[in-house]
Amino acid sequence: MKKTVSKTLIQQAVKLAESIKANSILLLTENVESYDVIANSKTKLPIVVATSHEETFKKLVKKAMINTLDIDFLDITKGEASKNTYAMKLTNRETSIIKDIEEAVALGMKRGVFGNKDLIVALTSTLTDETTGIVVYEVKKDQLNFSLYGALKKRNIKLEIFEAVLNVALDIGREGREGRLVGTAFLVGDSDGVMRRSKQLIMNPFAGHLIGERAITNPEINETIKELSQIDGVFIVSEDGVIESAGRYLNVDVDKVDLPSGFGSMHAAVFAMTKETSSIGITVSKSGGIVRVLENGVIIKTLDPQKRISL
């Protein structure tokens, strides 16, 4: 029954988008079945498929690649699948349908797939239910939240580098290590300023390694990062995405920040460092695995790693 309803909604959404001359169709999904239906509609409208599920994202890109492109010409990291299909990886889902759409649209604008005043027909979903409704959405740039993207742009931190750090932080928050939760933190950007205000607690495990071996976007390094997350100290990542150090102790005055209650010394130091430098902080709480993004001593994003939703 649910599959029949979903298929009907998708078909109606395509008809609606074509009749109102929408600029594109946005599909928020957690599996590949909805994409199959919309792809079979043969619509000429651009289709933007957005998901927070890593395996679904890979399947979507592979599925589109098989149908439309030679394997050698697809850049999976960019998510480009065909001339009118774009697979977009969301870092998380939001707490409401409209916030979900706005988050996807904001990211899509940064990726260049949506424009201001575009008319979008969005197919919505939740983490548990696929294709729950249809929303006609007009893009109004001044009403979208670009605070995170603005913070990254101001610091010359590429979005894909930030996302790579955030994804490994979410993995640590969700999985822990050796059956227990661990607390750790990353400071991204202004690595020279952070290094000057910190010192090694242990020998730097990344010292002497080639830049390519220390690139945060290199998936082969993820397990090493997760293993090192158990040691005291923080990870320092340059704005270019190179891990400069792990196990770093921060020498900062924590009295300069207005720290919310319930946070420990590591969080306090990261809060202070983001205020003293131009770095972006990402922390993983040992109690609950909650992931937080900090800028200038302020929390700008809080994520539940288990559900990958904003809190």
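Any read-out appearing in this document is the output of simple, stated calculations on the displayed coordinates, not a laboratory observation. Keep in mind it's a predicted model, so treat the numbers as computed, not measured. Using ideal geometry, Cβ is built from the backbone for each residue, glycine included, and neighbour counts are taken over all protein chains shown.
Before moving on, here are some points about what is shown:
- Fully extending the segment from Lys44 to Ile211 would add 55.8 nm, taking 0.36 nm per residue of separation and subtracting the current Cα-Cα distance.
- Derived scalar couplings between HN and Hα for the stretch 9-22 equal 4, 4, 4, 5, 5, 5, 4, 4, 4, 6, 6, 8, 6, 5 Hz in order, rounded to whole Hz, by the Karplus curve 6.51 cos²θ - 1.76 cosθ + 1.60 (θ = phi - 60°), x for Gly and Pro.
- Zone of Glu94's modelled label, taken as backbone nitrogen in the stretch 17-52 under 14 Å from a point 7 Å along Cα→Cβ: 28
- Share, in percent, of DSSP beta bridges within the stretch 149-310 that are antiparallel, nearest 5: 90
- With contacts taken as Cα pairs under 8 Å and at least 6 residues apart, the chain reaches a relative contact order of 16 percent.
- Karplus-derived 3J(HN,Hα) values for the stretch 87-92, using 6.51 cos²θ - 1.76 cosθ + 1.60 with θ = phi - 60°, are 8, 10, 8, 8, 6, 6 Hz; glycine and proline are entered as x.
- A Stokes-Einstein calculation at 37 °C with viscosity 0.692 mPa s, built on the Kirkwood radius of the stretch 261-311 over Cα pairs, returns a diffusion coefficient of 296 µm²/s.
- Based on the convex hull around the alpha carbon atoms, the stretch 150-198 presents an average projected area of 4.3 nm².
- Viscosity 1.306 mPa s, temperature 10 °C, Stokes-Einstein D of the chain from Kirkwood C-alpha radius, µm²/s: 77
- The stretch 152-299 - Kirkwood radius from inverse mean 1/r over Cα pairs (Å): 14.9
- Cα→Cβ-extended label distance, 7 Å offset, between Ile290 and Phe146, nm: 3.0
- HN-Hα J in Hz across the stretch 50-62 - Karplus 6.51, -1.76, 1.60, θ = phi - 60°, x for Gly and Pro: 10, 9, 9, 8, 4, 5, 5, 4, 4, 5, 4, 5, 5
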